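Visitor: Sharing a structure below in structure tokens format, with a few things to ask.
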Amino acid sequence: MNIPQVAINTFVWAGELGVISLGLSLSYAILGFFNFAQPEFVIVGGYLAWAGYSLMRLPIFVAAGLSLAGTGLIAVGIDLLVFRPLRTVSPASKMIASVGVAIALRMIAQIMFGGAAKTFGIIWRPLHIVPGAYLTSLEVWIVAMTALAMVVFYVVLARTKIGLALRATADNFALAQARGINGARIISWMWFLSGALGALGGILLGMETQLRPTSGLSVLVPVFSAATVGGFGSAFGAVAGAGLLALAQNIVLALNFGPLVGNPHGSYIPTDYKDVIALGALIFTLLIRPAGLFAARSRHG
Amino acid sequence: MASYLTHLLIVGLIWSLLTLSLNLQYGLTGLLNYGQIWFFAIGAYTSAVFLRNGLPIWLEPFTAMAAAILGAWLIAQPTRRLEQAYWALVTFGVAEGFRLILINERWIAGGSIGTMGILPIGSPRVMAIVLLVLVAATFLMNERIYRSPFGRVIRIIREDEVMAAALGRDVYSFQVRVLMLGAAVAAVAGVAYAHYFSFVDPEAFTPIETFWIWIMVILGGRGNNLGVIIGAMVLEGITESTRFLSAWVHLTPIFMANLRMLIFGILLIVIVLYRREGIFPERKRVYRLPALPDVPPSPVPAAAPPRAAMTNEPALADRAPNDHPDLAAALRIERITKRFGGVEALRDITMLIRPGSGVTGIIGPNGSGKSTLFNVITGIMPKDAGAVFLDGRMLDTSRGDLVARQGIVRTFQIPKVARQMTVVENLLTGPMGQRGEHLIVLFSPIAPLRLRRDEESRLDGALAVMNLLGLRHVANEYAGTLSGGQLKLLSLGIALMSDSQVMLLDEPTAGVNPILIHRITRTLKDLSAGGHTLACIEHNMQVIAGICEIVYVLDAGQVIATGSPDAVRRDPAVIAAYLGSRAEPAG
């Protein structure tokens with residue numbers, strides 16, 4: 001097993017997964033339902049950035065920045081149109097509506113950009129700083145940007161008024177409202193943040209690989225799995241869960257089962273099974289500790 | 001053209017099987033199965049595997065059903081007693097994981113290339129007839145379940161799992177059975193699919209197909225078996241018929257498919273927003289009851305306990321407690337402690353609630369822990385220390401349904417009733433251990449007579465309870481349309497119907513009109529005299545004084561006084577607790 005390579009892959013994937021599941025966990029903490037549309041912010045953000053960079057020829061950082069803000073605003077708009085009128089209905093109904101939103105977003109992407117893969121076409125130099133491992137400057141960027149996003153998110157949550165209001169609302173919605181927190185505005189902020197976080201993951205994923213209308217759907221299982229492993233509704237849990245899941249996936253994929261099955265050339269689990277590993281982690285967590293491995297206490301009984 | 005119509009019919013019928021199956025799971029039980037396509041795939045791939053291995057065709061449906069039932073059982077394991085939403089997560093994930101395995105493992109059925117050449121079962125016409133029979137059979141099965149005691153329980157679960165548990169039903173076991181039953185139906189649909197299209201590949205079983213079934217069910221009307229068939233037929237008809245449209249409007253078929261899916265996605269949102277019950281809402285089951293008397297019932301009725309009407313035994317009130325040692329059971333609560341984080345909501349609570357000596361009253365200011373005590377005793381909340389004994393035996397309070405089945409039924413401060421069920425239906429769920437809650441009994445050929453007899457005697461009991469509680473005129477109304485006081489009465493009625501040894505009532509008279517309060521107190525007294533064990537949280541001191549021999553006063557999670565209603569009313573500690581410790585008597 002190439003340990004440096006496993007470490008690099010883990011950090012990159014954990015970063016991408018981490019920001020998306022952070023958004024998912026945030027919306028669960030505030031609104032109490034599993035938002036199946038959250039992974040679709042990956043394609044909203046990805047395609048917005050791609051359009052800015054490839055079609056409008058904006059510098060990549062400008063395109064990415066606009067995409068984050070744009071996706072955040074789209075998320076706020078979706079809330080106003082769909083989820084605000086559904087505030088008082090059961091979580092199950094909200095979840096079903098979120099499936100409708102997910103389908104609609106995916107189909108809009110498909111109609112506007114077609115089913116074929118889009119790439120940013122930026123050439124990233126391989127760096128030779130880690131012996132024996134393949135590492136490009138993009139991967140350094142991914143780790144840096146996602147880490148930055150997490151730090152910024154932490155600072156927002158811990159040090160700003162919005163963060164305080166968010167935490168209060170997550171803890172007890174009714175009480176927070178009674179104490180004068182404007183629930184509607186806080187929820188808008190929440191959607192903006194989760195949209196932007198999803199978009200960041202999408203842009204980075206799109207640069208690293210390629211962008212398809214199904215890119216959001218294809219991260220759904222690992223994103224939900226990461227949030228579950230870490231503990232739904234906890235910001236730290238989402239990030240830690242993403243890290244743990246990424247590590248587990250990369251280790252399992254790097255394991256050589258050759259000696260075990262008697263294949264001298266080495267036998268590896270196909271990378272297509274990455275999601276099956278994520279699913280395994282999800283089920284394992286639900287079996288042993290449904291509240292999540294990093295949850296301080298159970299939120300639901 | 002005729003053959004094209006046959007094709008439309010066949011496809012529509014295959015999807016109808018899937019919507020009927022999901023209707024059972026989601027429509028009636030509220031189960032969030034986001035992996036329905038997996039069970040469909042199990043069926044289709046059974047056919048593919050049978051073809052590749054030269055196994056006999058006639059075994060296929062049975063193997064497929066067995067595999068799907070096993071799959072459903074497995075998928076249900078991690079969600080054991082978890083929040084509803086996790087069902088969605090796990091079913092979705094397993095369906096996707098299974099599809100990835102099918103794509104990558106070529107030895108199963110050709111991997112991503114799939115398997116071709118699955119033989120058709122006769123002509124399309126024969127296929128259509130076979131499917132018609134299957135859809136009709138599934139429709140009848142669903143209807144039978146909907147109308148059965150089993151159906152009542154799953155509809156309670158759909159609305160409120162805690163309520164079902166408090167009525168002694170093992171929620172999880174019902175959910176698993178429903179999931180397995182629906183899975184079997186979907187698997188049969190899968191076998192039919194494989195033999196009709198003669199080809200299976202993993203692309204046919206993507207998550208979008210699951211949501212396609214969801215859209216059909218939600219549009220058609222969840223809980224309405226005919227509605228979901230219409231939903232499947234119409235949506236599949238629109239899909240199939242717009243395939244040709246693309247040639248006329250000069251758009252590519254792919255664009256058309258995407259546009260269609262976009263419209264259906266938006267449709268799903270619109271339905272959830274504006275018409276959650278679907279185009280054909282669940283039909284109300286109206287029970288035919290004896291006509292109402294012309295004169296309104298006298299305000300102070302001769303309140304016979306309702307039990308007499310339900311069984312052929314003499315009324316409980318007529319018997320001395322000693323005749324029935326199993327009823328002469330005391331509920332003993334020993335040193336119960338419950339903490340929420342750092343707050344001690346209950347500390348070392350010890351109580352004896354005895355049968356046949358009046359109702360035991362539990363009073364105390366708001367927030368003193370009364371309802372929490374009931375929650376802990378009945379297993380709705382885990383306790384931190386202490387034990388509960390019934391008739392000398394220690395109770396297993398780990399789960400609400402276990403406590404209820406050990407003979408303790410309760411009502412809630414905010415009444416728990418199934419709002420999408422009628423008053424009669426709610427009452428009929430009271431008695432536990434109904435034979436019709438077993439699927440095997442429900443579908444056995446010899447059972448119907450017996451089941452009908454059971455149901456008739458329960459219905460008699462429900463009538464007596466409704467007359468007693470003044471709910472007769474709303475018997476066939478949805479509980480959701482009742483007033484607050486009526487909901488309170490209905491939840492008391494459900495408890496009465498259960499005929500449990502012990503009844504823990506949380507403010508049974510709050511919001512109820514005075515005439516009915518009088519009836520309720522008389523009923524409670526009669527029940528107590530008949531050997532039942534009753535405890536009652538109550539704020540109305542008149543009610544307490546009328547029915548209670550002994551009262552426990554709780555304050556800040558502790559028992560601060562015990563005694564007769566008069567004694568505790570004069571107790572300085574009680575006065576202090578209610579008025580605040582520093583309050584001076586106002587003269």
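Visitor: Report, by residue number, each residue of the stretch B:1-20 that is among the polar types (S, T, N, Q) and closer than 21 Å to residue B:225 by Cβ.
Guide: B:16, B:19
Visitor: So which residues in the stretch B:542-568 are surrounded by fewer than 21 Cβ atoms within 10 Å (Cβ to Cβ) and either hydroxyl-bearing (Ser, Thr, Tyr) or at pLDDT below 85 (or both), if there are any at all?
Guide: Scanning the stretch B:542-568 gives B:562, B:564.
Visitor: Among the residues that make up the stretch B:219-232, is at least one of them within 14 Å of chain A (Cβ to nearest Cβ) and of a type in the set (Val, Ile, Thr)?
Guide: No, every residue in the stretch B:219-232 fails to be within 14 Å of chain A (Cβ to nearest Cβ) and of a type in the set (Val, Ile, Thr).
Visitor: In the stretch B:388-427, which residue that is in a strand (DSSP E or B) and over 20 Å from the mean Cα position of the chain (by Cα) is nearest to residue B:462 (Cα to Cα)?
Guide: Of the stretch B:388-427, the ones in a strand (DSSP E or B) are B:388-390, B:393-394, B:408-410, B:422.
Imposing the further condition that a residue be over 20 Å from the mean Cα position of the chain (by Cα) reduces the set to B:388-390, B:393-394.
On the way: B:388: 31, B:389: 30, B:390: 27, B:393: 31, B:394: 32 Å.
Here the answer is B:390.
Visitor: Take the residues in the stretch B:55-67 that are part of a helix (DSSP H, G or I) and surrounded by fewer than 21 Cβ atoms within 10 Å (Cβ to Cβ), then tell me which one is nearest to the other protein chains (Cβ to nearest Cβ).
Guide: Step one: of the stretch B:55-67, the residues part of a helix (DSSP H, G or I) are B:57-67.
Keeping just the survivors that are surrounded by fewer than 21 Cβ atoms within 10 Å (Cβ to Cβ) gives B:57-59, B:61-63, B:66-67.
Details: B:57: 31, B:58: 33, B:59: 29, B:61: 28, B:62: 28, B:63: 24, B:66: 22, B:67: 19 Å.
This residue is B:67.
Visitor: Restricting to the stretch A:64-120, name every residue that is part of a loop (DSSP other than H, G, I, E, B), surrounded by fewer than 16 Cβ atoms within 10 Å (Cβ to Cβ) and more than 13 Å from every other protein chain (Cβ to nearest Cβ).
Guide: Within the stretch A:64-120, A:117, A:119 qualify.
Visitor: Report the residue count in the stretch B:480-494 for those that are surrounded by fewer than 23 Cβ atoms within 10 Å (Cβ to Cβ) and part of a helix (DSSP H, G or I). Give the steps one after another, and end with the answer.
Guide: Here is the first cut: in the stretch B:480-494, the ones surrounded by fewer than 23 Cβ atoms within 10 Å (Cβ to Cβ) are B:480-485, B:487.
Then keep just the ones that are part of a helix (DSSP H, G or I); that gives B:480-481, B:484-485, B:487.
So the count comes out to 5.
Visitor: Also, I was wondering about something else. So the check is Cβ under 7 Å with 6+ separation or different chains; which pairs have a first residue in the stretch B:450-473 that's farther than 17 Å from residue B:435 by Cα and a second one that's of a type in the set (S, T, N, Q) and surrounded by 20 or more Cβ atoms within 10 Å (Cβ to Cβ)?
Guide: Listed pairs, sorted by first residue: B:468/B:523; B:471/B:486.
Visitor: Additional query: Contact list please: Cβ distance under 6 Å, first residue in the stretch B:236-254 and at pLDDT below 75, second residue not hydrophobic (A, V, I, L, M, F, W, C), pairs at least six apart or on different chains.
Guide: B:246/B:253
Visitor: Do you know which residues across the stretch A:93-129 are out of contact with any strand residue (DSSP E or B) (no Cβ under 9 Å at 6 or more places or on another chain) and of a type in the set (S, T, N, Q)?
Guide: A:93, A:98, A:110
Visitor: Return a yes/no flag: does the stretch A:158-165 have any residue that is within 14 Å of chain B (Cβ to nearest Cβ) and touching a helix residue (DSSP H, G or I) at 6+ places or on another chain (Cβ under 9 Å). Quick ask: steps written out before the conclusion?
Guide: Kept after step one, since they are within 14 Å of chain B (Cβ to nearest Cβ), are these residues of the stretch A:158-165: none.
Among the residues of the stretch A:158-165, not one is within 14 Å of chain B (Cβ to nearest Cβ) and touching a helix residue (DSSP H, G or I) at 6+ places or on another chain (Cβ under 9 Å), which makes the answer no.
Visitor: Then there's this: Say we look at the stretch B:243-263 and pick out the residues that are within 7 Å of chain A (Cβ to nearest Cβ) and closer than 28 Å to residue A:89 by Cβ; which of these is surrounded by the most Cβ atoms within 10 Å (Cβ to Cβ)?
Guide: B:261
Visitor: Give the residues of the stretch B:68-115 that are polar (S, T, N, Q), within 14 Å of chain A (Cβ to nearest Cβ) and not in a helix (DSSP H, G or I), sorted by residue number. First the steps, then the outcome.
Guide: Step one: of the stretch B:68-115, the residues polar (S, T, N, Q) are B:77, B:79, B:84, B:91, B:104, B:112, B:115.
From what's left, within 14 Å of chain A (Cβ to nearest Cβ): B:77, B:79, B:84, B:91, B:104, B:112.
Those that are polar (S, T, N, Q), within 14 Å of chain A (Cβ to nearest Cβ) and not in a helix (DSSP H, G or I): B:77, B:79.
Visitor: Still on this structure, please answer the following. Quick one: would you say residue B:582 is within 37 Å of the chain's Cα centre (by Cα) and modelled with pLDDT under 85? Break it down stepwise before answering.
Guide: On the way: within 37 Å of the chain's Cα centre (by Cα): no; modelled with pLDDT under 85: yes.
The answer is no for residue B:582.
Visitor: Could you check residue A:143 against (1) within 14 Å of another protein chain (Cβ to nearest Cβ); (2) in contact (Cβ under 8 Å) with a residue 60 or more places away in the chain and say which number it fails?
Guide: (1)
Visitor: Right, another one. Output the helices (runs of 4 or more DSSP H) that fall wholly within the stretch A:188-301 and possess 3 or more residues being within 14 Å of chain B (Cβ to nearest Cβ), or say none. So that I can check it myself, show each step before the final result.
Guide: Working: elements: A:215-230, A:235-254, A:258-261, A:274-288.
Qualifying helices (runs of 4 or more DSSP H): A:215-230, A:235-254, A:274-288.
Visitor: What are the residues in the stretch B:156-170 that are surrounded by 22 or more Cβ atoms within 10 Å (Cβ to Cβ) and of a type in the set (Val, Ile, Thr), if any?
Guide: Initial filter on the stretch B:156-170 (surrounded by 22 or more Cβ atoms within 10 Å (Cβ to Cβ)): B:156-158, B:163-169.
Selection gives B:156, B:157.
Visitor: Out of everything in the stretch B:326-379 that is assigned to a strand (DSSP E or B) and hydroxyl-bearing (Ser, Thr, Tyr), what residue ends up being nearest to residue B:520 (Cα to Cα)?
Guide: Filtering the stretch B:326-379 for residues that are assigned to a strand (DSSP E or B) and hydroxyl-bearing (Ser, Thr, Tyr), the one nearest to residue B:520 (Cα to Cα) comes out as B:360.
Visitor: Still on this structure: What is the one condition in (1) more than 25 Å from residue A:138 (Cα to Cα); (2) among the charged types (D, E, K, R); (3) at pLDDT 90 or above that residue A:289 does not satisfy?
Guide: Condition (3) is where residue A:289 drops out.
Visitor: Residue under question is residue B:178, and the condition is that it be more than 14 Å from chain A (Cβ to nearest Cβ) and closer than 28 Å to residue B:3 by Cβ; does it hold? Walk me through how you get there before you give the answer.
Guide: Values: more than 14 Å from chain A (Cβ to nearest Cβ): yes; closer than 28 Å to residue B:3 by Cβ: no.
No; evaluated as a whole, the condition is false for this residue.
Visitor: Right, here's the next one. Any chance you could count how many residues in the stretch B:402-426 are of a type in the set (Ser, Thr, Tyr) and more than 25 Å from residue B:390 (Cα to Cα)?
Guide: Going residue by residue through the stretch B:402-426, those that are of a type in the set (Ser, Thr, Tyr) are B:411, B:422.
Among the residues that remain, those that are also more than 25 Å from residue B:390 (Cα to Cα) are: B:422.
Result for the stretch B:402-426: 1.
Each row is one residue, and each column tells you yes or no for (1) surrounded by fewer than 19 Cβ atoms within 10 Å (Cβ to Cβ); (2) without any contact (Cβ under 8 Å) to a residue 24 or more places away in the chain.
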| site | (1), (2) |
| --- | --- |
| A:147 | yes, no |
| A:152 | yes, yes |
| A:164 | yes, yes |
| A:206 | no, no |
| A:214 | yes, no |
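Visitor: Return yes when residue B:208 is of a type in the set (A, V, I, L, M, F, W, C), crowded, with 20+ Cβ neighbours inside 10 Å, under 30 Å from residue B:111 (Cβ atoms) and within 14 Å of chain A (Cβ to nearest Cβ) and no when it is not. If you could, list the steps in order and put the result at the bottom.
Guide: Working: of a type in the set (A, V, I, L, M, F, W, C): yes; crowded, with 20+ Cβ neighbours inside 10 Å: no; under 30 Å from residue B:111 (Cβ atoms): yes; within 14 Å of chain A (Cβ to nearest Cβ): yes.
Taking the combined requirement at face value, the residue does not satisfy it.
Visitor: With respect to residue B:75, is the statement that it is β-branched (Val, Ile, Thr), under 20 Å from residue B:96 (Cα atoms) and modelled with pLDDT of 95 or more true? So that I can check it myself, show each step before the final result.
Guide: Details: β-branched (Val, Ile, Thr): yes; under 20 Å from residue B:96 (Cα atoms): yes; modelled with pLDDT of 95 or more: no.
The answer is no for residue B:75.
Visitor: Are there any pairs, at least 6 apart or on different chains, whose C-beta atoms fall under 9 Å, with the first in the stretch B:25-54 and within 14 Å of chain A (Cβ to nearest Cβ) and the second hydrophobic (A, V, I, L, M, F, W, C) and outside any helix (DSSP H, G or I), and if so, which?
Guide: Partner pairs satisfying both residue conditions: B:25/B:31; B:25/B:32; B:26/B:32; B:34/A:36.
The values are calculated or read from the model by the stated rules, or taken from the named source; none is laboratory data. Worth saying up front: this structure is predicted, and the values here are computed from it rather than measured. All Cβ positions, even for glycine, are placed from backbone atoms using ideal geometry, and neighbour counts span all protein chains on display.
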